[in-house]
1. When the helices in chain B are scored as -39500 (n - 2.57) per DSSP H run of 4 or longer and the sum is shared across all residues, what 222 nm value do you end up with, to the nearest 500 deg cm²/dmol?
2. Could you order peptides B:88-101, B:207-220 by the average number of other Cβ atoms within 10 Å of their residues, highest first?
3. For A:248-255, what's the mean count of beta carbons from other chains sitting within 10 Å of each residue's beta carbon?
4. Can you check how the C-alpha radius of gyration of the stretch B:181-292 compares to 2.2 N^0.38 Å, as a plain ratio?
5. Enter the mean number of other protein chain beta carbons within 10 Å of the beta carbon of each residue in B:121-133, as an integer.
6. Quick check for the protein assembly as shown: number of Lys pairs with alpha-carbon distance under 29 Å, counting only pairs 8 or more apart or on different chains?
7. So if we plug the beta-carbon distance of A:Tyr304 and A:Leu13 into 1/(1 + (r/R0)^6) with R0 = 22 Å, what FRET efficiency do we get, rounded to 0.05?
8. Of all chymotrypsin sites (Phe, Trp or Tyr not before Pro) in the stretch A:165-226, which ones are in loop regions per DSSP and have a Cβ with at most 14 other Cβ atoms within 10 Å?
Amino acid sequence: MLRFLGHRLIVSLPTVFLITIFVFVLQKLLPGDPVLAMAGDDRDPETLARLRDLYHLNEPIWKQYWLWLVDAAQGDLGRSIRTGIPVSDMIAQKLPVTIQLAIMSMIFAAVIGIPAGIISAVKKGTATDYVANVVALSGLSIPNFWLGIMLILLVSVKWQLLPASGYVPFFDDPIQSLRTMVMPAFVLGTALAASLMRHTRSAMLGVLRQDYVRTARAKGLSEREVILRHGFRNALTPVVTLLALLFGELIAGAVLTEQIFTIPGFGKMIVDAVFNRDYAVVQAVVLVTALGFILMNLLADTAYFLLNPRLRAG
Amino acid sequence: MTDPSAVADELDLEKPARSRVWGKFFRHYSALFGAALVAIFVILAALAPVLPIPDPAATDWGAVRQPPSAAHWLGTDEIGRDILSRMIWGGRASLMAGVVSVAIAIVIGVPLGILAGYFRGWTDAVISRCTEALLAIPFLILAIALAAFLGPSLTNAMIAIGIAATPVFIRLTRGQAINIAAEDYVESAHAIGLSTPIILRRYILPNVLPPILVQATLTVASAIIAEASLSFLGLGQQPPAPSWGAMLNTAKGFITQAPWMAWWPGIAIFLVVLGFNLLGDGLRDALDPRED
């Protein structure tokens with residue numbers, strides 16, 4: 001197990017290295033003098049010189065990268081140009097908000113998507129399967145920011161059931177926190193549920209064709225037992241891997257969802273940073289998201305390893 | 001010496017497979033429905049300059065935020081512009097963004113994928129590691145970051161979406177190229193002394209294309225949503241030029257007074273994206289020999 005994890009970690013290192021180069025190069029895409037762009041309206045020569053010094057812009061480019069990398073590796077992702085707050089502190093403050101949103105959406109997606117996928121696979125070719133597929137494809141095609149606007153119009157404005165925006169930390173007031181997050185979680189979870197349904201269906205179809213499923217039926221097990229114990233347990237492995245891959249979609253979806261529902265999370269941070277021309281924050285969000293994705297993949301590989309007895313034995 | 005491709009042409013080996021694929025596609029009702037949806041939007045967008053609709057930028061202060069009526073079928077917006085006209089012109093921007101960004105991704109991604117899959121070795125290692133690094137950054141986050149650094153405009157949004165979509169095409173083409181490079185006919189082409197560029201162009205490229213066509217159709221759907229998302233955030237099409245995402249961004253501010261401003265762009269994005277998704281699913285089923 002440790003050897004497996006160690007190997008996966010070493011394999012991810014070149015990817016992490018390339019991501020850091022990419023994130024560093026992003027800053028160099030800025031047209032014109034980056035310091036002028038960073039300083040915004042402040043054209044005071046002293047400020048410009050200080051910024052040039054702060055970002056080591058007088059050094060050769062490889063040295064700039066190296067100094068940036070050393071700082072980033074120590075958790076120093078720079079400071080927000082607007083507020084002066086260290087970017088790592090901003091991320092630490094915003095991330096829990098998005099994690100709560102992500103967990104709630106994942107629960108919603110799993111509760112809807114997995115059973116729908118199983119039912120659709122078991123009833124392949126029937127009207128139920130067809131309807132489930134159409135609903136799933138619609139879920140994938142609906143722009144989530146539009147779904148959000150429509151829900152606000154209906155649920156908050158017309159029926160006045162739930163608040164249209166805002167955020168209450170879960171531990172301050174759990175009920176109010178859930179009330180503010182239900183709609184955003186539904187909006188973010190819709191496309192995930194659709195993805196999850198389609199993948200569960202295809203994994204289940206693959207498994208249900210296997211000989212051991214036929215054997216299970218032949219020995220007289222109930223259909224329920226065949227599907228859940230022999231079918232779903234084996235289809236679970238690719239679904240778990242997919243959950244990790246959905247992490248990217250989740251963060252990207254959070255950007256728009258948080259924007260619509262004015263939730264002060266990690267996703268809204270990148271949009272605010274873009275409009276404030278706070279490039280250090282944009283870079284940090286990209287870096288942290290990519291590292292998060294690699295970590296999720298590592299966890300998925302580990303889960304795959306633990307769920308698959310053949311790999312464990314080998 | 002006879003050219004192997006000429007032999008294949010003479011024997012007409014390709015044609016039965018092709019007609020089988022089209023036969024399957026035309027029996028796939030949801031794919032045909034998708035194709036029809038896409039066709040309607042493409043025709044409307046193409047005909048925008050000749051259709052009898054008002055100028056999408058013409059304001060009418062006497063008809064601000066009017067609900068749908070005989071004069072304005074889909075209503076008017078916050079400065080009295082005709083929403084139907086803006087929808088049709090906005091469709092041009094959305095469809096163009098979808099197609100152009102996917103074209104960028106294909107033009108960069110397919111050659112890199114073929115090089116990686118055909119030559120293997122260090123070429124493959126370098127290209128694959130870069131692809132993995134880019135794949136680790138979620139599509140929309142990458143597009144937002146690139147659009148932010150390149151500056152907000154429809155052109156930059158298309159470039160950003162195109163670059164963000166490239167890794168998927170590299171990975172897909174690479175996998176296909178590896179399989180095809182191991183086929184007997186490629187070995188034979190080598191044996192009769194055809195040069196590498198000819199082999200790549202004549203044998204590898206045409207055979208990697210079918211799955212790329214499927215991926216391209218599905219990616220146009222994601223790219224249209226991505227363009228709408230960027231424009232919604234203010235990073236794509238800039239006012240007063242219309243785009244569905246930008247229209248939704250404005251509509252958000254008038255949701256209680258003029259909800260129709262938000263209905264139409266959302267419905268249009270949904271239908272056109274659904275169309276491309278159905279079409280892509282249908283093409284995939286038609287090209288998959290296991291679905292026979």
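1. -24500 deg cm²/dmol
2. B:88-101, B:207-220
3. Average neighbour count from other chains, rounded to a whole number: 5.
4. Compared with the compact-globule rule of thumb, the stretch B:181-292 sits at 1.66.
5. Per residue, the number of nearby Cβ atoms from other chains is 3 on average.
6. 13
7. Computed FRET efficiency for A:Tyr304 and A:Leu13 comes out at 0.65.
8. Passing sites in the stretch A:165-226 are A:Phe171.
The values are calculated or read from the model by the stated rules, or taken from the named source; none is laboratory data. Keep in mind the model is a prediction, meaning the values are calculated, not measured. Neighbour counts are summed over all protein chains in view; Cβ atoms, including those assigned to glycine, are modelled from backbone coordinates with ideal geometry. Note: accessible area is taken over every heavy atom of the protein model, side chains too, but ligands, DNA and RNA are not part of it. Shrake-Rupley method; radii C 1.70, N 1.55, O 1.52, S 1.80 Å.
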